[in-house]
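First comes the structure, then the notes that go with it.
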Number of protein chains: 2
Amino acid sequence: MSPAAVPVGLPTVTSPGKVPVTIRAMESSSAASGGSTRREATRQKLYEAAVTLIAEQGFSATTVDEIAERAGVAKGTVYYNFASKSVLFEELLRHGVGLLTASLREAAERTAREGGSKVDALDAMIRAGLVFIDRYPAFTQLYVAELWRTNRAWQSTLMVVRQQAVAVVEDVLREGVGNGEFSEEIDVPLTAAALVGMVLVAALDWQSFQPERSLDDVHAALSRLLQGRVSGCR
Amino acid sequence: MSPAAVPVGLPTVTSPGKVPVTIRAMESSSAASGGSTRREATRQKLYEAAVTLIAEQGFSATTVDEIAERAGVAKGTVYYNFASKSVLFEELLRHGVGLLTASLREAAERTAREGGSKVDALDAMIRAGLVFIDRYPAFTQLYVAELWRTNRAWQSTLMVVRQQAVAVVEDVLREGVGNGEFSEEIDVPLTAAALVGMVLVAALDWQSFQPERSLDDVHAALSRLLQGRVSGCR
DNA sequence: GTTTTTGCACTGACCAGTCAGTTCAAATTT
DNA sequence: AAATTTGAACTGACTGGTCAGTGCAAAAAC
């Protein structure tokens, strides 16, 4: 009876073998000196457990007991590592978006280094976005589900985090306009939002409803749309 | 302290003056003869209350007591009209998406009647989508937030309802391909999803973060993107 | 035309179950 | 020895759903 439609999960950030850096800059706790590795590993396990459960069921429907169980730790450990369920969730958000923006920025810089145009940069960022969503589908689901909600405790965290991500796209658009490569009439914030939405929704749809398609297929379709090769140019 | 960011609410379906049709075809109850007006009015009130609350807080975080209170009815009335909280939600989904698809289809047919091209049809549908989201922001929030979740009771309802909406866009794309107006190489389902996402996310971002912009601004930005007038054509 | 009956729509107190968060002594790891 | 984890018991608030009962307008009976 269980449909089991979407592949979810925010797998370990690190490669299977080592335990290392896990993307530092999770300012939350241990600021300067890296906190004990053991604690960090536990927190990582809790992130992974929480992200899939919350993506599937939503924040409120997910219990702390479930998170602890899936992470394979005791409930007390959750509260030893995080002040509350909400705080766990907020830190999870920051963690994930940190990964995403780093990836996007890296893609943009790489094309710049290789002398690519701004369209190339956007294209590379689209791909980077797709790779991210492919790797962390659960996080993406959860992010989209929460982003436009209001009256929630972590509202402010969410806005900060959103701005971080969108800003990367906006920057490239602005550079392209300054460049002469893009029309001066484009509306940078709106266009950035539209591009993000295009990637986000296409990717989630891909994961949920046509998982057999390859990342390249999706990328090609979005690329075409970006470059106006759907409706001919006039 | 209260940010009060997003304007929400799924206002009455009918114009202020009369009480009438409320968009028939809400197959739920009274099939043939219109059921009692009173009951229908109560259900409508419950829809309105539920849609804003669930958009703000999510399904699980919204209590039946809250819904009843905001609708100005007793809790028992909710259960007199709907079998359960989930059923109320499912019928709300069907109701809303029914409105959306009707609006999209109407826009497509109108351009066809007026001898417009398929790009014109897509453009008209973008506008229709924006108008819808502008009118029912809360419903849109809620739809996006729930669409890609898994393991939920209303999973199947959601898929049906999604397919209805996307199909309208896919149809126009396919006609455009058959037409010769669009490249034969476009991937219809993926492109449709991307277009929907473009509109959805741009509109929600507009509502949430730049509510001062006009619908025309947003429409213009999306139109430009659709027609590839952002990055020049080659 | 008046009285009585019917049954739909609605009410709100109530219940059984659930969950976030707490506490803490003992075990384990470093 | 210090830091971290365990695991189970407990609390107090909250929630979905129930149900006996109310109000009332139209139908039926007189």
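The values are calculated or read from the model by the stated rules, or taken from the named source; none is laboratory data. The structure presented is a predicted model; accordingly, all values stated were derived computationally and were not measured. Don't worry about glycine lacking a Cβ; one is built from the backbone with ideal geometry, like all the others, and counts go over all protein chains shown. The accessibility values were calculated without ligands, DNA or RNA, using every heavy atom of the protein model including side chains. Shrake-Rupley method; radii C 1.70, N 1.55, O 1.52, S 1.80 Å.
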Heavy-atom accessible area order for B:63, A:111, largest first, 1.4 Å probe: B:63, A:111
Of A:158, A:88, A:225, farthest towards positive along the dipole that unit charges on Lys, Arg, Asp, Glu beta carbons give the range A:86-226: A:88
Three semi-axes of the equivalent ellipsoid, the range A:86-226, Cα gyration tensor, whole Å, largest first: 25, 19, 14
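Would you mind giving the total buried accessible surface between chains B and A, with a 1.4 Å probe and ligands, DNA and RNA left out, rounded to the nearest 100 Å²?
Working: alone 12860 and 12860 Å², together 20360 Å².
Chain pair B/A: roughly 5400 Å² of buried accessible area.
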Scattering profile of the range B:59-125 at q = 0.15, 0.23 Å⁻¹ [log10 I(q)/I(0), Debye over alpha-carbon scatterers]: -0.61, -0.92
Environment charge at residue B:67 (Cβ cut-off 15 Å; Lys +1, Arg +1, Asp -1, Glu -1): -2
Surface accessible to a 1.4 Å probe, residue B:214 within the full protein complex, Å²: 50
Accessible-area value, residue A:154, 1.4 Å probe, nucleic acids and ligands omitted, Å²: 10
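Show A:229, B:152, A:127 ordered by accessible area, largest first, where the area counts protein heavy atoms only and the probe is 1.4 Å. All intermediate terms of the calculation are to be shown ahead of the outcome.
Values: A:229 105, B:152 35, A:127 80 Å².
Correct descending sequence by accessible area is A:229, A:127, B:152.
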